[in-house]
Amino acid sequence: MLARDAENLFWAGRYLERAEDTARLLDVTYHGLLEANAAEQRAAWSSALEAVGLRDAFEKSGRSLTAANVSEFLVRDGENPGSIVSAVEAARENVRTVRESLSTECWEAINSFCLSMRSRNLEIEIEQQPHELYGFIRRQCQTVAGVASETLARDDGWRFLRLGWNLERAEWTCRLLRVRQVHLEAPGFHEWVGTLRSASALEAYRRTSRGSMDPADVIEFLLLSDSFPRSVFFAIRSAETSLRELGTGDEPSQPLRLVGRLRAELEFADPRELLTGDFEGELTRIERSIRGVCSAVGVQYFINIHDVDLHMLQVFPGAGVE
Amino acid sequence: MASELFNDYDTEGFFDEVFEATGAPRQHYSALLKRLSYFSAEELARRERRRDADFRNQGITFTVYGEDEGIERTFPMDLMPRVITAEEWSHIEAGLEQRVTVLNRFLDDLYVGERAAIHDGVIPWWVVTSSDGFSREAFGIPMPLGARCLVAGIDLVRDGNGVYRVLEDNLRSPSGISYVVENRVAMTRLLPQMFADTPVRPVDHYGRSLLGALNRVAPASASDNPTVVVLTPGVFNSAYFEHVFLAAHMGVELVEGRDLVVDDQVVYMRTTKGLKRVDVIYRRIDDAFLDPVVFRPDSSLGVPGLMSAARSGSVTIVNAVGNGVADDKAVYAYVPALTRYYLDEEPILPNVETYLLWDPDQLASVLNRLDQLVIKPVAEAGGYGITIGPAASDEDLAKCRADIIADPRNWIAQELISLSRHPTLIDDHAEGRHVDLRPFVLTSDVVEVIPGGLTRVAMKKGSLVVNSSQGGGSKDTWVLAPTREDLEAEVATGSSEARPGSAEVSA
């Protein structure tokens, strides 16, 4: 497929996952804090900003750390490229340029999501009915995912869409864990419930853990579960599948090598060893590996035609030509 | 009439598509009017809102320039379709086949032929070379089957006597076919009952017909299954939706200039698996932006080296470069003469009476009655720059006069045609609005006319300007099959293409 189309689908997947994750995090943070004191509130919003990787950007914007300001910044600030509104607009723009390779239903789902975000009064909703708003965003993202899954052919376009989706998800869950693991020393039941909720993982976790809320179990579940689709391991394994199917020759591509190594590392990791060692450093390293996979995907598939290829064409006719 | 929609309807002396001068409905509209009468005005209004929401959610929009950051607008479709009888259509179709055949012959003669029409004095050389659309770069670039204008959109109007006339030829990148198909889809959803007693000929085979024609003009180097792409200037272009539509309906890649690369006079596209050779480019980029090496060096929309690849015959560019010369509005005045010259036939569809202003006699007479004529710039499209004499202020007319005197070659004058009108839903009732018709004509080894075309409506009362960029709307356009059986046969083959009697185009 066209390299530019592949890149647009990859990014559309990433933006949609980002919008959904951010909405869920905001929902959980907001509702977990209704009985908290001011200091706890500030700490929680600060950690939410860190989980989406936007604390520095927020501080630069000069706002004070309140629920209203953080929500505003993460939902409807068009200047903030990481806000939900920006992500949804960007997802639509990316999809708009590859519309011809998608199903009508899939494009319509994304387009009408974006249009309804434009027509809603987000300012009022953030203040008065945040749960409804975040629920709406989550459901719309899930609708797009469902429509995509039920109407798109399993071709390379689908693989790039899923690849972006899963790599974003893996990185996000990893960052969420890294931000929350500071509670490891002082386990708080409610924080861990909130963390699980932020990853839509509470019910799935309960069924496997039978009521324990041991941080080690939660972390193991979100990082290494092989059955929960939002765990880092699961998302990385899905990304590996996409990259394997995208491969052509016998040689694995560079992104496949990288993602395969990461998957193997997670698959055979010993949770106790992880938790007793430098866990934060380990998570930081995994995040960096995921970003490394993303760059390798870019080099392999999106900007893969270098001048040297053209030169090769003249020397070895047929080289690089499908 | 049972419906209150038409209670105060007045044709006001115009040729009305639906009603005779006596006020009686024309026979081919009677079934439709009966169906329509079952709907209350409120119900129709509700369906209009549904239509707008559907178009917006489906992103069936065009971008208006000049407004803040290019607003995406829907192209409003009136719920009352336009109906053309089988008999009328066969006349229009024959006329279009003839006209497009002549225009292709002219382009071929001009750019790769002996320029016989010029040597024989049918059209002056200086008129050709002074046209903005004339392109020296097009000389010698071959076009398989002589189909230099593979996709044409010919604008027709009906005058006060109901005679169909050609108003304009669009031989570069005529747009609107996506609305033809999407309007039909929308009508079948919004008012399915209206199709019940009427044998309406289908239009949704356009993608297949276009791809077939594009395949047939592939260069000899291409395989049996040529690689066809649609080349768009990008997502900010006003017709981007149409570009998406065309690629999707043909199942081919929609590329931008940066996706293509030319190496050793061969065009490739950049794919995730490396370079892939391209055989046919249906481009929706203007000539001037196509190749920065040959045309505008500041254009980033095109592909460096594309023209040299085309000249080598390794890739076919559709429509061919330089077609603008044949839809120049002054060259338009010569089409009847060209028809007699190339085909030895009289034009089936007449032109609108046109005056060429470099001729001192014509100029003098035009300047005398400027307030009764329509003055158009020769190279503009989209309805821009037109002065309609009777509607213009003294100031406008004075400016128009000065413009003409300064550069007579740049302007033409035409008799004002009192365009036919069609009832159109305005609030809770029907009012007459002026309409035109843009049918689409595909040329390869045969000429195929898609039944109907885009009927554009000047939504503003009394306005004669139907262009979408200037607030025009559209109507679904129904060409009736002669009988139910004919329609069923057409639906069964899925195409109106290659019927016996289609005009042959000589290469």
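Structure summary
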quantity: J(HN,Hα) series, the stretch B:12-25, from Karplus relation 6.51 cos²θ - 1.76 cosθ + 1.60, nearest Hz, glycine and proline x; calculated: 6, x, 7, 5, 9, 5, 9, 10, 5, 4, 6, x, 7, x
quantity: Net charge over other residues, Cβ less than 14 angstrom from the Cβ of A:Q41 (K, R count +1; D, E count -1); calculated: -2
quantity: Compactness of the protein assembly as shown - radius of gyration and Dmax, Cα, Å; calculated: 31.3, 99
quantity: Among A:T248, A:T22, A:T104, residue whose mean-square fluctuation peaks in a GNM of chain A (springs only between Cα atoms under 10 Å); calculated: A:T248
quantity: Zone of A:R272's modelled label, taken as backbone nitrogen in the stretch A:195-232 under 17 Å from a point 7 Å along Cα→Cβ; calculated: A:214-221
quantity: By average C-beta atoms within 10 angstrom, highest first, the peptides B:133-142, B:434-443; calculated: B:434-443, B:133-142
quantity: Exercise: per-residue mean of other protein chain Cβ atoms within 10 Å, B:223-235; calculated: 1
quantity: Residue order, fewest to most beta carbons within 10 Å, for B:D120, B:D264; calculated: B:D120, B:D264
quantity: For chain A: relative contact order, % (alpha-carbon pairs under 8 angstrom, 6 or more apart); calculated: 22 percent
quantity: Intensity falloff of chain A expressed as log10 I(q)/I(0), Debye formula with alpha-carbon point scatterers, at q = 0.07, 0.08, 0.09 Å⁻¹; calculated: -0.30, -0.39, -0.49
quantity: Other-chain or far-sequence residues with amide H under 5 Å of B:I426's (modelled H); calculated: B:E431
quantity: Three-way shape label, the stretch B:354-415, alpha-carbon gyration tensor, a/c 1.5; calculated: rounded
quantity: Fewest-first ranking of A:M1, B:M143, using other Cβ atoms within 10 Å as the exposure measure; calculated: A:M1, B:M143
quantity: Phi-based couplings in Hz for the stretch B:187-196 (Karplus 6.51, -1.76, 1.60; Gly and Pro marked x); calculated: 5, 5, 8, 7, 9, x, 4, 5, 7, 4
quantity: For the stretch B:305-382 versus the stretch B:81-113, the gap between their alpha-carbon centres in whole angstrom; calculated: 15 Å
quantity: Residue mean of other protein chain beta carbons inside 10 Å, A:90-101; calculated: 4
quantity: Built amide H within the under 5 Å cut-off of B:W478, gap 5+; calculated: B:R82, B:V83, B:I84
quantity: Convex hull of the stretch A:156-305 built on C-alpha atoms - directionally averaged projected area, nm²; calculated: 9.0 nm²
quantity: Sequence-distant residues sharing a close amide H with B:V64 (under 5 Å, placed H); calculated: B:I71, B:R73
quantity: Net dipole in debye of the protein assembly as shown [+1 Lys, Arg Cβ; -1 Asp, Glu Cβ; about Cα centre; nearest 20]; calculated: 1400 debye
quantity: Note, ³J(HN,Hα) from phi for the stretch B:225-232, Karplus 6.51, -1.76, 1.60, rounded to Hz, x at Gly and Pro; calculated: 10, x, 8, 10, 10, 9, 9, 10
quantity: Within straight-line cross-link reach of B:K475, lysines at Cα separation under 28 Å, skipping those fewer than 8 residues along the same chain; calculated: B:K34, B:K329, B:K376, B:K460, B:K461
quantity: Net dipole in debye of the stretch B:220-314 [+1 Lys, Arg Cβ; -1 Asp, Glu Cβ; about Cα centre; nearest 20]; calculated: 140 debye
quantity: Cα centroid separation, the stretch A:145-212 to the stretch B:441-491 (Å); calculated: 52 Å
quantity: Inter-chain shielding of B:94-104 (mean C-beta neighbours from other protein chains, 10 Å cut-off); calculated: 0
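Every number here is computed from the coordinates shown, using simple stated rules; none is lab data. Quick caveat, the model's predicted, so the values are computed rather than measured. Using ideal geometry, Cβ is built from the backbone for each residue, glycine included, and neighbour counts are taken over all protein chains shown.
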